[in-house]
Structures are given as C-alpha cells and as structure tokens.
Amino acid sequence: MSNTANTSSSTATGTSAQILKGYIDRIENLEEDKAQVSEDIKDVYNEAAGEGFDKKALRIVIKNRKIDKATRESLEAVVETYEAAIV
C-alpha cells in the first residue's frame with residue numbers, strides 16, 4: 001500500500017471521527033437543553049398547583065390537546081364503551 005493511500009485513509013478516518021464528535025456534541029447539548037426544559041415544565045406545574053390547579057388534570061388536558069379533535073372524540077367513545085361494559 002502506498003503512502004498516499006495511507007494518508008487518504010487516515011484523513012477519511014479523521015474526518016469521520018470529527019463528524020461523529022460533532023453529532024455527539026450536538027446531541028449532548030440538546031440533552032442538556034431538554035433537561036432544562038423539563039425542569040421548567042415541572043416548575044410551571046408546581047406553580048399551577050400552588051394556585052390550586054390539579055397537576056394530574058393539567059397533564060391530561062395537555063395530552064388531550066396534542067390529539068386532534070376527531071381522534072380524541074373517537075378514543076373517548078371507545079373508552080366510554082369499555083367502561084360501560086365493565087360496570
């Protein structure tokens with residue numbers, strides 16, 4: 001194998017390592033951001049609880065708002081059917 005081939009392979013490996021390190025650094029930074037956002041959300045729930053709002057109910061409302069209306073209504077109908085069946 002020629003010296004040029006070794007240099008080329010080494011450069012490619014070095015470049016790949018730099019690219020990989022860049023991805024890892026970005027992911028780690030995003031994980032830190034995510035942890036901070038999670039803390040902020042927890043603080044807002046606690047603040048709402050301090051004002052007398054139920055945290056579990058708030059979580060349900062937030063979850064339901066993420067689901068489009070038709071899907072939510074369909075799911076609620078199925079839940080009602082299941083609940084009626086076990087009474």
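Quick notes on this one:
Let's see how each residue does on (1) in contact with a strand residue (DSSP E or B) (Cβ under 8 Å, 6 or more places away or on another chain); (2) surrounded by 10 or more Cβ atoms within 10 Å (Cβ to Cβ); (3) aliphatic (A, V, I, L, M); (4) at pLDDT below 95:
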residue	(1), (2), (3), (4)
7	no, yes, no, yes
12	no, yes, yes, yes
29	no, yes, no, no
46	no, yes, no, no
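- Residue that is surrounded by the most Cβ atoms within 10 Å (Cβ to Cβ), among those in the range 48-85 that are outside any helix (DSSP H, G or I) and among the acidic types (Asp, Glu): 54
- Among residues of the range 58-75 that are of a type outside the set (A, V, I, L, M), those with a Cβ under 8 angstrom from a residue that is at pLDDT 95 or above, sequence gap 6+ or separate chain, pair up as 59/45.
The values are calculated or read from the model by the stated rules, or taken from the named source; none is laboratory data. Predicted model only: the values in this text are computed from it and were never measured. Reconstructed Cβ throughout: ideal geometry from the backbone, glycine too, with neighbour counts over all protein chains shown.
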